[in-house]
Amino acid sequence: MYDGKSSALWHLVLIAFCTRHASADDYVSMGSNTNAAEAMQFLREYDREASGMCYRVTTAQWKFVTNITEQNRRRMNEELALSSKFERLSWRKAAAFDITRLSDPQARRQLRKIVQASRASLSDDKFNELQKLITEMKEIYNSAKICPFGQKPYDPHVPKVGSPATAPPEPFPLTHPHYQLNNHPYQHYQPYQDNPEFPNYCDMQLDPEISRILAHSRIESELLYVWKSFRDQTGPKLRDKFIRYVELANEAAVLAGFRNAGEQMRAAYEEPSLRESVEEVYNQVAPLYKQLLTYVRRRLLQRYGNHTLRPDGPLPAHLLGNMWAQNWKSIMDLVMPFPTSPALDVTSELLRQGYTPLRMFQLGEEFFTKMGMKPLPPEFWRSSVLTRPRRPAQCSASAWDFCNRIDYRIKQCTEVTTQDLVSTHHELAHIQYYLQYADQPQLFRDGANPAFHEALANAATLSVYNMPHLYRLGLYNNKSHDSYEVGMNFLMTMALEKVAYLPFAFMVDQWRWSVFEEGVENMNERWWQMKLRYQGVVPPLKRTEEDFDPGAKYHIISDQEYLKFFLATVLEFQVFEQLCVAAGHAEHLHLCDLHRSREAGRLLGELMQAGASKPAGELLRTLTRGRTDKISPEALVK
Ligand code: X8Z
Ligand code: ZN
C-alpha cells in the first residue's frame with residue numbers, strides 16, 4: 001500500500017472531471033480573476049505551504065501509527081484540523097480564478113486539482129460534521145473485536161476455570177503458536193474451543209487474528225462464526241453514520257457542480273466515458289472469472305460437502321479464505337492443480353539461508369538499483385519501521401512520502417516469509433515512485449490517476465515471485481520439480497489473488513455509486529444483489545436491513561474510492577507486459593523476470609517521473625509506444 005495522500009488535506013486535492021461529455025473546465029466553480037501572474041504567484045505559494053503542511057500532517061500520522069498513544073492521536077488530529085483549514089482557504093483562493101482563461105496548461109491543471117474534487121463548498125459546520133463522521137466511522141471499525149469461537153464475551157465476575165476470580169484477562173501474545181499459522185498446513189489447525197491454552201478473552205481483531213482464522217481454518221462452523229461476528233460488531237454501529245455521510249457528501253458534490261458524490265469521485269479519472277469503459281473491461285475478464293469460480297466450487301464441494309454449497313450454485317462467502325471473499329489465495333491448499341509439486345513458497349528457504357527483514361529490504365533495493373533506478377536515501381534506513389515494534393502500533397504495510405524531498409519511509413511488520421518478500425518489493429516500488437516524481441510540484445506528486453500508484457508498484461513486483469527470479473536469487477531450485485506443474489501451481493496462485501479479486505473490486509464502487517445516485521433504501525439488499533451478480537457469492541446466513549454488510553469493508557466507511565484497485569489490477573499486467581517487451585523477454589509472460597533490465601527500468605522510471613502532471617491516457621501511449629491510450633485486460637487474461 002501507499003499512504004501518501006490519505007489525510008483530509010489530500011482528499012481535497014483530487015481532480016474532478018465528469019461524465020457529461022463536456023470540457024473539464026465546465027465543472028470548476030469558476031471565478032473571474034484572469035490575471036496569469038497572480039495565478040502563478042498563488043501556485044508558487046501553495047506549493048511551498050502545501051508541502052510544509054503535508055510534512056507536518058504526515059509526521060504526526062507517522063508518530064501515531066508507529067506508537068499509538070492518546071497524546072499522539074490528539075496531536076495528529078490537531079494537525080489534520082489545521083490542514084483542513086488550509087485546504088478550505090486554498091480552495092477559496094483557487095476558485096477565484098477563471099481557470100479556462102489561463103494560458104499555461106500546467107497551471108490550469110494544478111488549479112483544477114485544488115478546486116474540483118473539494119468538499120470545501122460545504123458550510124463550515126457541515127464540512128466539519130462530514131470530517132468528524134468519517135473519523136468516527138474509522139474508529140468504530142478499528143475497535144471492532146470479537147470473542148474466540150465457542151466462548152462467551154468475557155465477564156470479569158465469572159471466574160475462568162482454573163484461575164482465581166480476581167485474575168485480569170491476560171493479553172494474548174501474538175507470538176503464540178495459534179496465531180503463527182502462515183507456514184502451517186491447515187491440517188494442524190486447532191479450533192479455539194479445543195485449545196486448552198486459549199484464554200477467555202474477547203479481544204480478537206480483524207488484523208491479524210480474525211483474518212488468520214478465515215485464511216487457515218477449514219472448520220465451517222468456525223468460519224461462519226467469525227464471518228458473522230465481525231459483521232455484527234461493525235455494520236449496525238456504522239449504518240446511521242454512513243447514511244448521514246452519504247447525505248453530506250452528495251450535498252458537497254452538488255455544490256461543486258456534480259450530480260452526486262459518485263460522479264465527483266469518478267471525476268479523478270478525467271475520462272468522460274469512465275463508467276462504460278470500466279464495464280467493458282469487466283465484461284472482458286468475466287469469462288475467465290467464471291471458469292475459476294466453477295473450478296474452485298468443485299474443490300470446495302469436495303471439502304465441505306453439498307449441504308454447505310450446491311454444485312451448480314453460488315459460493316458461500318465464508319469459505320473463500322477472506323473476510324470479503326475478495327482474495328482467494330489462502331485456499332490454495334484446497335484447489336492446487338498439482339498438490340505434489342510445490343506452490344513456489346520460498347519461506348523455508350529464506351529462513352534456512354538466514355534472511356532477516358533488513359536483508360529482504362536490501363535485496364529489494366538492489367532489485368531497483370540493478371534496473372538503473374534510484375537508491376534509497378539514508379533517511380529511509382534511519383527512520384523506517386521494518387519489524388513489529390514492542391509498543392502498540394498499526395502493522396499494515398505502507399510506504400510514506402513526507403513531502404520534503406528528503407524523508408521517505410516504510411512501515412511494515414516484516415516476517416521472513418514469501419508473502420512479505422513480495423510485500424517488501426511492493427512497498428519499495430511505491431518509494432521508487434515517490435523518488436522519481438520528487439521534482440514535480442506538490443500537486444503532481446501522485447499517480448497519473450488513482451489507479452497508477454498501485455498498478456506500477458505491482459507491475460514492478462510481478463516478476464519477483466515467479467520461478468526464474470526466485471531461481472536467480474538462489475531461493476528455488478527448478479531442477480528438482482516438473483516445471484510445467486510448478487508453473488501451473490504458480491498461475492493458480494495468481495488467479496486466486498488477481499482474477500478472483502476483479503469482480504469484487506468492480507462491484508464495491510458500483511454499489512457505492514448506486515447509493516449516492518439512488519439513495520440509501522435497501523442498501524444491504526442491493527449489496528448482496530451485486531455480490532451475487534458480479535462475484536457469484538452469497539451470504540451464508542440470512543441478511544436484513546438491520547445489518548450493514550458494506551460497513552465491514554474499511555474503504556467504504558473511510559471514504560476511500562475503490563475503483564482504483566480494479567483498474568490497477570488490470571493495468572499492472574498491461575504495464576508488466578510492456579516492461580517485459582522492453583527487457584527483451586520473448587517467452588510466456590508469467591516467466592518474465594525484469595532482473596537487471598536497464599531498459600525496463602528506463603520505461604518504468606519515465607512513467608513514474610511524470611507523476612500526475614500528465615493525463616493517464618498520455619502515459620498509456622508512452623507505455624504502448626503510441627498504440628493505445630486505453631487500459632486493456634489482454635495481458636492479464638494472457
Ligand atoms: O487497501 C489496500 C492496501 C492499501 S493500498 C492495504 N488494498 C486493497 C484492500 O485491502 O481491499 C490492497 C489490496 C486491495
Ligand atoms: Zn500498494
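The values are calculated or read from the model by the stated rules, or taken from the named source; none is laboratory data. Worth saying up front: this structure is predicted, and the values here are computed from it rather than measured. We place every Cβ from the backbone using ideal geometry, glycine too, and count neighbours over all the protein chains shown. What goes into the accessible areas is simple: the full protein's heavy atoms, side chains included, and nothing from ligands, DNA or RNA. Shrake-Rupley method; radii C 1.70, N 1.55, O 1.52, S 1.80 Å.
The table that follows gives values for the structure above.
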item	result
For the range 94-115 and the range 574-638, distance of Cα centres in Å	31
Amide H within-cut-off set for residue 538, under 5 Å, with H built and near neighbours excluded	315, 317
For the range 515-563 versus the range 245-302, the gap between their alpha-carbon centres in whole angstrom	13
Ordering of 349-356, 627-634, 441-448 by burial proxy (mean other Cβ atoms within 10 Å per residue, highest first)	441-448, 627-634, 349-356
Inter-site label distance for residue 74 and residue 101 at 7 Å from Cα along Cβ, in nm	5.0
Ordering of 59-67, 298-306, 135-143, 512-520 by burial proxy (mean other Cβ atoms within 10 Å per residue, highest first)	59-67, 512-520, 135-143, 298-306
Highest average packing first - 580-588, 388-396, 564-572, Cβ atoms within 10 Å	564-572, 580-588, 388-396
Normalised alpha carbon radius of gyration of the chain [divisor 2.2 N^0.38 Å]	0.96
Quotient of Cα Rg and 2.2 N^0.38 Å for the range 507-559, N being how many residues it contains	1.06
Cut-off under 5 Å, modelled amide H: who pairs with residue 204 long-range	146
Beta bridges per DSSP with both ends in the chain, % antiparallel, nearest 5	50
Accessible area per residue in Å² at 1.4 Å probe, computed on the range 468-627	38
Table column - 3J(HN,Hα) (Hz), the range 596-602, Karplus curve with 6.51, -1.76, 1.60, x for Gly and Pro	6, 8, 5, 5, 5, x, 5
Surface share of carbon and sulfur [accessible, 1.4 angstrom probe, percent] for the range 307-457	50
Overall form of the range 339-397 per C-alpha gyration tensor (a/c, 1.5; a/b vs b/c)	oblate
Solvent exposure, largest accessible area first (probe 1.4 Å, DNA, RNA and ligands not counted), of 38, 280	280, 38
Relative contact order of the range 338-469, defined on C-alpha pairs under 8 angstrom at six or more residues apart (%)	24
Members of 85/126; 614/638; 564/630; 138/411 lying beyond 24 Å, as alpha-carbon distances in this model show	614/638
Length released on extending from residue 283 to residue 139, taking residue separation times 0.36 nm less the Cα-Cα span	48.2 nm
Theoretical ellipticity at 222 nm over the chain - DSSP helices of four or more residues, -39500 (n - 2.57) apiece, nearest 500	-16000 deg cm²/dmol
Cα gyration tensor, the range 239-326 - rounded (a/c under 1.5), prolate or oblate	oblate
Residue 115 - accessible surface, heavy atoms, 1.4 Å probe, Å² rounded to 10	0
Principal axis dimensions, the range 308-347 - Cα atoms, whole angstrom, descending	34, 22, 12
Cα pair distances of the range 205-360 binned at 5 Å [whole percent]	1, 7, 11, 12, 12, 14, 14, 13, 9, 5, 2, 1, 0
Förster radius 22 Å - calculated FRET efficiency between residue 606 and residue 36, Cβ distance, rounded to 0.05	0.15
